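Chemist: Pasting a structure below so you can have a look.
The values are calculated or read from the model by the stated rules, or taken from the named source; none is laboratory data. Model, not experiment: these values are computed from the prediction. Neighbour counts run over all protein chains shown; Cβ positions are idealised from the backbone, glycine included.
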Amino acid sequence: MKKILIIDDEPHIIKMVKSRLEANGYEVVTAFNGKEGLDKMHQENPDLIIVDILMPIMDGYTFVRELKKEEKEIPVIVLTANTGMTDLFDGEGVTDHIYKPFKTEELLEKIRKHIGED
């Protein structure tokens, strides 16, 4: 079973995405900020990470930069409401992005594209 780490400070987003991913056969681990996300990443070794950008304690950009320092080859999908940041995502080495609000089917398509189905 493929494992996905979701990092977002909005509990309703985590709950919605987690339930849809689990219904599609993925194991899901969650964190509410980038610092907690780094800890969970080390503990859980996810196959893919979904991360929000605007969060307290450690934002999504800092999380991605810290992840890249470790040279882990984990696909990262960024969730954001800011549609003007595509170039910045590419420069940071983000695998893909999806704009809020989003349809879970669109997110599932991106996940399948990067890690396949379980």
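Chemist: Being touching a residue at least 40 places away in the same chain (Cβ under 8 Å) and in a helix (DSSP H, G or I) is the filter; apply it to region 12-47 and report the residue that is nearest to ILE74 (Cα to Cα).
Modeler: Top of the filtered list is GLU44.
Chemist: Right, here's the next one. Select from region 27-66 the residues that are surrounded by 22 or more Cβ atoms within 10 Å (Cβ to Cβ) and either of a type in the set (S, T, N, Q) or more than 12 Å from the chain's Cα centre (by Cα) (or both) and list them in ascending order.
Modeler: MET55, the sole residue that qualifies.
Chemist: Let me ask something else. Could you go through region 42-59 and let me know if any residue there is in contact with a Leu (Cβ under 8 Å, 6 or more places away or on another chain) and polar (S, T, N, Q).
Modeler: Taking every residue of region 42-59 in turn, none turns out to be in contact with a Leu (Cβ under 8 Å, 6 or more places away or on another chain) and polar (S, T, N, Q).
Chemist: Taking region 22-34, which residues are in contact with a strand residue (DSSP E or B) (Cβ under 6 Å, 6 or more places away or on another chain) and within 19 Å of PHE63 (Cβ to Cβ)?
Modeler: VAL28, VAL29, THR30, ALA31
Chemist: Sticking with this one: With respect to the numbered conditions (1) farther than 20 Å from ILE111 by Cβ; (2) in contact with a strand residue (DSSP E or B) (Cβ under 9 Å, 6 or more places away or on another chain), which one is the sole condition not fulfilled by GLU66?
Modeler: (2)
Chemist: How many residues does region 55-71 contain that are assigned to a loop (DSSP other than H, G, I, E, B) and under 25 Å from GLU22 (Cβ atoms)?
Modeler: Qualifying residue count, region 55-71: 1.
Chemist: Residues to consider are ILE74, ILE50, ILE6; find the one that is within 16 Å of VAL94 (Cα to Cα), touching a strand residue (DSSP E or B) at 6+ places or on another chain (Cβ under 7 Å) and part of a loop (DSSP other than H, G, I, E, B).
Modeler: Result: ILE74 is the single residue among ILE74, ILE50, ILE6 that is within 16 Å of VAL94 (Cα to Cα), touching a strand residue (DSSP E or B) at 6+ places or on another chain (Cβ under 7 Å) and part of a loop (DSSP other than H, G, I, E, B).
Chemist: Here is a further query. I'm trying to understand the selection: among the residues of region 1-10, which are within 21 Å of LYS100 (Cα to Cα) and either touching an Asp or Glu at 6+ places or on another chain (Cβ under 6 Å) or modelled with pLDDT of 95 or more (or both)?
Modeler: ILE4, LEU5, ILE6, ILE7, ASP8
Chemist: Please pick out the residue among GLY37, GLY84, GLY93, GLY60 that is at pLDDT below 85 and under 23 Å from ARG112 (Cα atoms).
Modeler: Details: GLY37 fails: at pLDDT below 85; GLY84 fails: under 23 Å from ARG112 (Cα atoms); GLY60 fails: at pLDDT below 85.
One residue alone meets the criteria, GLY93.
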